[in-house]
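The numbers here are math on the coordinates, done by the rules we state, and not lab data. If you're wondering where the values come from, they're calculated on a predicted model, not measured in any experiment. Every residue, glycine among them, receives a Cβ derived from its backbone with ideal geometry; neighbour counts consider all protein chains shown.
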Amino acid sequence: MPVRIRITLLFTVAVFAILFLLCSVIYYVSYNNRIELIKARLANRAANTAGLLNKSAFNNELVQKVDSTTAFQFRDKETQVYDKSNHVIYSFSDNPGDRLTVDEKVLRDARNSGSVYFLKGKREVVALHSPENDHVVVSATYDEAGRKYLSQLKAILLLSLLGGTVVSFFVGYFVSGRLLLPIKKIADDVNEISAKNLNRRIKTGTSGDEWFYLGETLNSLLNRLQESFEVQRRFISNASHELSTPLTSVSNQLEVSLQRNRDAEEYRNVMRSVQQDVLHMSKLTQTLLEFAKAAGSAGGLEIEPVRVDEIILQVVNEMPKVDGRYSVKIDFEDMPADEDHLLVFGNGELLLTAIKNIVLNACKYSTNNQAIVALRVKPEEIIIEITDDGPGISPDELEYIFQPFYRTASASVQQGFGLGLSLANQIVKLHKGFIYVRSTQHSNTTFMIILPVNSK
C-alpha cells in the first residue's frame with residue numbers, strides 16, 4: 001500500500017474516532033438532559049396532584065379537570081393515586097382503554113426512596129410518595145417531542161460523522177500529498193544519479209526540516225560512495241598497471257629470446273629474469289587477496305581471543321627472515337598481571353599481517369633498519385606503538401598514506417606496491433580499532449595501533 005494512502009487512512013481513522021467520541025458525548029448529554037427534564041416535570045405533576053388530594057375540600061372532578069388541562073404538552077398522560085393499602089383512590093387517563101398497571105414493588109420502592117422513575121412500554125413513569133397521608137402518586141406520559149428531538153439529533157450527528165469522515169479522507173489525501181512531495185523530488189534526484197554522474201547532489205534548500213536532513217544524509221552517503229568509487233577506480237587502475245608491467249616484461253623477454261638461437265647461459269639468464277617477474281606478480285597477487293579479505297566484513301572471519309604480545313613476538317622473529325638487516329626492539333613495560341587484559345577478539349593471521357606490514361615499513365625506512373615496538377595496556381584498549389628514525393612523512397602526504405598503491409616521495413627508492421599500510425588500516429578497522437600516525441619530517445614516524453580489549 002502506498003505511503004500516501006496509509007497516511008490518509010490513519011488520518012481518516014483518527015478524525016473518525018474523534019468525531020465519533022464527540023457525537024457520542026453530545027447524544028449522551030442530550031439524552032440524559034431529556035430524561036432529567038421529563039422526570040422533573042412528571043414529579044412536579046405528581047406533586048401538584050398530591051397537593052390537591054391533601055386538601056380538605058377534595059373534589060375528584062376538579063382534580064381531573066386540572067390533570068386534563070395541564071400546560072405541558074405530552075401524549076397519553078395518566079395519573080393514579082394509591083392509598084397506604086395500595087388501592088387506587090384516584091385515576092385519570094387521556095386513553096382510558098390503555099390503563100397503566102403498577103406493581104406493588106414499585107409502590108414499596110417509592111415509599112422507601114421518595115420517588116421512583118421507570119419505563120412502561122413507550123411511556124415514562126414517576127411514582128412519588130406523599131408522606132402526609134402515605135399516598136403514592138403515579139404520573140406517566142409519552143414524551144413525543146423529546147423523543148422526536150433525540151431522533152433528529154441522532155440523524156444530524158450520524159450525517160455529521162459520515163460527512164466529517166469523508167471530508168477528512170480528502171483533506172488527508174491532499175495534505176499527505178503535499179507532505180510527501182519533497183520525498184518525490186528527492187527520489188527523482190536520486191534516480192538521475194548514476195555511477196557516471198556521482199558528482200550530482202540532491203537539492204535540499206534551507207528549510208531545516210526533516211526533509212532537509214534526509215537530503216543532507218543522502219548527500220553525505222553519495223559523498224562516501226563517490227569517494228569509495230574513486231578509491232576503487234584508482235585501486236583497479238593501479239593493480240592493473242602493477243600486474244601488466246611484469247607481464248609485459250615477461251612477454252618481451254620471451255619474444256626476444258625466441259628471435260634467434262641462444263646458448264644455455266643466455267637462456268638461463270632469461271629464465272632468471274622471468275622468474276623474478278613471476279615472483280613479483282605472485283607477491284602482488286597474494287597481497288591483493290589479503291587486501292580483499294581485509295576489506296570484507298568481520299562476519300566471514302574466524303574470530304577468537306588473540307594475545308597481542310604473542311603476535312608482536314612473532315613479528316620480531318619474522319623480520320630477520322624477510323631481510324637479515326632488519327631488527328625489532330620491543331618495549332613491554334608495565335605489563336598487566338592479568339593476562340586477559342592482553343586479549344583482543346579477532347583473527348590472529350590478519351592482525352599478524354597488519355602489525356608485520358607496519359613494522360616492515362619502519363625497518364625499511366629506518367637509518368639502522370630497526371623498528372621500536374612498544375606495548376601499552378589500558379583498561380579499555382591496547383596500544384601498539386611502532387617507531388622508526390627514518391625521513392618522516394610530510395604533512396601533505398599524511399592523509400594519503402592509507403590509500404591503496406599510494407607511495408610517499410621517500411618511498412620511491414624502495415621496492416613495494418604501496419599496499420602495506422592500506423592493508424594494515426583495513427585490518428585494524430575490521431577489528432573495531434584505528435591507526436593514528438605521528439610524524440616529524442627528517443626525524444621519525446610513529447604508528448599507533450589502538451585495539452579495543454575483549455570487544456567482539
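Fewest Cβ neighbours within 10 Å first, please rank Thr79, Thr446 accordingly.
Values: Thr79 27, Thr446 16.
So the residues, fewest neighbours to most, are Thr446, Thr79.
In a shell of Cβ-Cβ distance under 13 Å around Ile311, excluding Ile311 itself, what net charge do Lys and Arg (+1) and Asp and Glu (-1) give? Present the calculation step by step, with values, prior to reporting the outcome.
Values: positive: Arg307, Lys356; negative: Glu304, Asp309, Glu310, Glu318, Glu349.
Spelling it out: positives minus negatives among the neighbours equals -3.
Which ordering of His87, His431 is given by a fewest-first count of other beta-carbon atoms within 10 Å? Each step should come with its number before you reach the end.
Numbers: His87 8, His431 23.
Starting with the residue having the fewest Cβ neighbours, the order is His87, His431.
Just tell me which aspartates and glutamates come within less than 18 Å, Cα to Cα, of Lys120; anything on the same chain fewer than 8 places away is out.
Glu36, Asp76, Glu78, Asp94, Asp98, Asp103, Glu104, Asp109, Asp143, Glu144
Please tell me which of these pairs span more than 30 angstrom C-alpha to C-alpha: Lys185/Lys429; Lys378/Lys429; Lys185/Lys432; Lys364/Lys429; Lys105/Lys154? Can you show the working numbers first?
Working: Lys185/Lys429 36 Å; Lys378/Lys429 19 Å; Lys185/Lys432 37 Å; Lys364/Lys429 24 Å; Lys105/Lys154 35 Å.
Beyond 30 Å between Cα atoms: Lys185/Lys429; Lys185/Lys432; Lys105/Lys154.
What's the exposure ranking of Tyr173, Tyr90, Tyr28, going from fewest to most Cβ atoms within 10 Å? Don't jump to the answer; show the numbers that get you there.
Values: Tyr173 16, Tyr90 20, Tyr28 10.
Listing Tyr173, Tyr90, Tyr28 from fewest to most nearby Cβ atoms yields Tyr28, Tyr173, Tyr90.
Could you work out the relative contact order of the range 3-150, using alpha carbon pairs under 8 angstrom and six or more residues apart, expressed as a whole percent?
Numbers: 180 pairs, mean separation 38.9, N = 148.
Taking the mean separation of contacting Cα pairs over the length of the range 3-150, I get 26 percent.
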